[in-house]
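Q: Just dropping this structure here.
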Amino acid sequence: MKVSPDYYDEIFSFNGEWDMPSACGLKIRQSEGKTYVIVTELYQDNPGTSVTYAGQKLADQICEAKGLKLSDIVYIECNPNTNSKLSFYDEEFFQVSFDADLQHRYRQLDRSEIMKITAE
Amino acid sequence: MNSFKLKLIYPKWQKLRGQTTFNLPPHGPVAFAATLPEWVDVSFTDENVEPIDFNEECDGVALSMMLSTQVKRGWEIAEEYHKRGKLVMAGGISTMLHAEDTVNHVDCVFLGESEGRMEEVMQDWVNGKLRKFYNYMGNMPPIESVGPCRRDLYKRELYNHKGVQMVDLFHASRGCRFSCYPCAVSYLGGRKFRPRPIDKVVEDMAAIENNRLFIVDNSLAQNKEWEKELFTAIAPLKKKWISHTIEDDPEVLDLAAKAGAWYVYQAVYDTSDYIKERVKRYHDYGIGVEGTILLGLDNQTEDDIKRLIDFLGEIDLDLAEFTVMTPFPHTKGYDDLLRQGRIFDFDWNHYNAGQVVFQPKHMSPERLQELYDYAWKSFYASESQEQKMFRLFCNVALREMEEGTYRPRDRRLANKSFGRDVDRNVRNVNV
């Protein structure tokens, strides 16, 4: 289940749950005055915590590394297409809102929304 | 010279209703015990087969937990020991999966594999410096350091059903290169397959006072050459063993059969000819098959599940085990269902793979629960689970008789089942 490099500009290393060395794909785009941070799950090439489980901990680390403010970004998690026969590994994008009580809210984005963000 | 009396406990869990229950001697606690310094004196209780004596003298308590359905009981046990002024450490698979919660109930959480680490932990403990966390996640010890388990801690008579000794659990490798949808093994043991040195495996296996084993490795089908080497090396021991999937290769299957493969757990995930042929190929080599069938995945409609259950009757499975999709933390299944807001039950006691805790895609939770119950009833309608197990048992006993390794049942325990008197009026044994 190798993830295509088309999904990311760089591999971002982060401290996952219990400081486990972890990695995700990272793409940052500007569109219509907003900063979109797209993190991609790498499956077999992520030795530690998944992007979803890492949640805000990952977002905070990206913001710190890239000089961004969490409140200013649109944070998107990507489940990449791995060309698996199993539908669970189909491509999906979710916009994540981090609430103070850590009950994250997820909104699935359709293909056209994500195309618009990544095309610019 | 230090000395420390450690009470090691494997908490009980609620068994799935309606199923024949067999208690196997647990592997985690005795693997952990083997990593303790010599000056630690261990007393072990598996609460599934005997009650805990909370007043037994000890200097501290260690909880070894494997299943999500054990953690809440583990917390209760910790509370009882806290009332008695004892410190409690927790470790094991489900401690790692539920560490954020468990740390609120115990004095120390050990994360990771314990080989080479317990001298430091126990020294801290006796010196009154036990830390809240020992975090070795992702930092695996050398696989060569994995030694024989402390099987001397088992009370053998408690793992015996009507005179028949239960299989011993054994592991030949750790880690898994696969990252399957409902599974957390790659998070826990790493995504790298780590086989133990073959000579150590053989030495360890030979020393077990049991001719029947369950090789609990996640999947043996991870490295074909290693598999061939393993099977060739263990064949002279004449053990009979159960395992998860074996490589679908004639040479490997032949070697596995000669090495004592008794039956395998094989996932049956669709109704394809491939699955049918896969089961047949095991049977061609005299290896039995217990199908493992996961119900409630997003690609399954009600009709799909019914078709899958019907299909099982066509492929001559020896046994079948049904589970419902359960979003264990640190699995892709958990991530997906969490994002979609479909997990409605976070009570870990319900995470037993027999209770629906999420909203299925194509049906109600209640309907999936009904289909799960229907699957068990349907598959075992003409012959009970215990009868089918007995048939598999007869197969292995005959092979052992041919090879001169058969050990007759222990007549002294003929009226006991896992330490309890057998009620001859009850058909299925539920402990």
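Taken together, the values in this text are just the output of simple stated rules run on the coordinates, not laboratory data. The structure displayed is predicted, hence computed values, not measured ones. All Cβ positions, glycine included, derive from the backbone under ideal geometry; neighbour counts span all protein chains shown.
Q: Could you tell me which of the pairs B:Lys129/B:Lys332; B:Lys15/B:Lys155; B:Lys280/B:Lys377; B:Lys192/B:Lys276; B:Lys72/B:Lys361 are separated by over 26 angstrom between their Cα atoms in the structure shown?
A: With Cα atoms farther than 26 Å apart: B:Lys129/B:Lys332; B:Lys192/B:Lys276; B:Lys72/B:Lys361.
Q: Then there's this: Using the Cα gyration tensor of chain A, with a ≥ b ≥ c the square roots of its eigenvalues, what is the shape: rounded (a/c below 1.5), prolate (a/b larger than b/c) or oblate (neither)?
A: rounded
Q: Another one. Between B:Gln19 and B:Arg156, what is the FRET efficiency for a Förster distance of 35 Å, r being their Cβ-Cβ separation, to the nearest 0.05?
A: 0.90
Q: Right, another one. So how much slack lies between B:Glu56 and B:Asp248, counting 0.36 nm per residue of separation and subtracting their Cα-Cα distance, in nm?
A: Contour length minus Cα-Cα distance gives 64.1 nm.
Q: Which loop GluC sites (Glu not before Pro) in the stretch B:194-241, with loop taken from DSSP, have no more than 15 other Cβ atoms within 10 angstrom of their Cβ?
A: B:Glu209
Q: Let me see the P(r) profile for the stretch B:144-403: every Cα-Cα distance counted, bins of 10 Å, each bin given as a percent of all pairs.
A: Values per bin, smallest distances first: 6, 26, 33, 26, 8, 0.
Q: Also, quick follow-up: Within 14 Å, Cβ to Cβ, of B:Lys83, how many net charges do the neighbouring residues add up to if Lys/Arg are +1 and Asp/Glu are -1?
A: -2
Q: Also, quick follow-up: What's the exposure ranking of B:Thr95, B:Thr232, A:Thr52, going from fewest to most Cβ atoms within 10 Å?
A: B:Thr232, A:Thr52, B:Thr95
Q: If you don't mind, there's one more thing I want to ask. Enumerate the amide H contacts of A:Gly16 below 5 Å, restricted to partners 5 or more residues apart or on another chain; note that Pro and chain-start residues carry no placed amide H.
A: For A:Gly16, whose amide H was placed from the backbone, the distant partners under 5 Å are A:Ser22, A:Thr49.
Q: Right, next: Of the lysine pairs in the stretch A:5-119, how many meet both conditions: Cα atoms under 23 Å apart, and a spacing of 8 or more in sequence or different chains?
A: 12
Q: Here's a follow-up. Restricting to bridges with both residues inside chain A, how much of the DSSP beta-bridge set is antiparallel, in percent to the nearest 5?
A: 80
Q: Short version: ³J(HN,Hα) in whole Hz for each residue of the stretch B:162-172, in order, from phi by Karplus 6.51 cos²θ - 1.76 cosθ + 1.60 (θ = phi - 60°), x for Gly and Pro, what are they?
A: Values per residue, Gly and Pro as x: 6, x, 9, 6, 6, 5, 8, 8, 8, 10, 9 Hz.
Q: Taking square-rooted eigenvalues a ≥ b ≥ c of the alpha carbon gyration tensor, is the stretch B:322-426 rounded, prolate or oblate, where a/c under 1.5 means rounded and, failing that, a/b exceeding b/c means prolate?
A: It is prolate, given that a/c is not under 1.5 and a/b is the larger ratio.
Q: Restricting everything to alpha-carbon atoms, can you work out Rg to Rh for the stretch B:155-267 with a Kirkwood hydrodynamic radius?
A: 0.97
Q: Within straight cross-link reach of B:Lys132, meaning Cα distance under 14 Å, which aspartates and glutamates are found once same-chain residues fewer than 8 apart are removed?
A: Excluding near neighbours in sequence, the set is B:Glu100, B:Asp101, B:Asp107, B:Glu120, B:Asp124.
Q: Rg over Rh of the stretch B:4-142, using C-alpha atoms and the Kirkwood radius, what does it come to?
A: That ratio equals 0.94.
Q: Any idea how far apart B:Arg420 and B:Asp316 come out in nm if each label point goes 7 Å out from Cα toward Cβ?
A: Taking the simple label geometry, B:Arg420 and B:Asp316 are separated by 3.8 nm.
Q: Could you tell me the extents of the protein assembly as shown's C-alpha atoms along the three principal axes, largest first, rounded to whole Å?
A: Projected onto the principal axes, the Cα atoms of the protein assembly as shown cover 80, 63, 45 Å.
Q: How much of the DSSP bridge set in chain B is antiparallel, in percent, rounded to the nearest 5?
A: The antiparallel fraction comes to roughly 15 percent.
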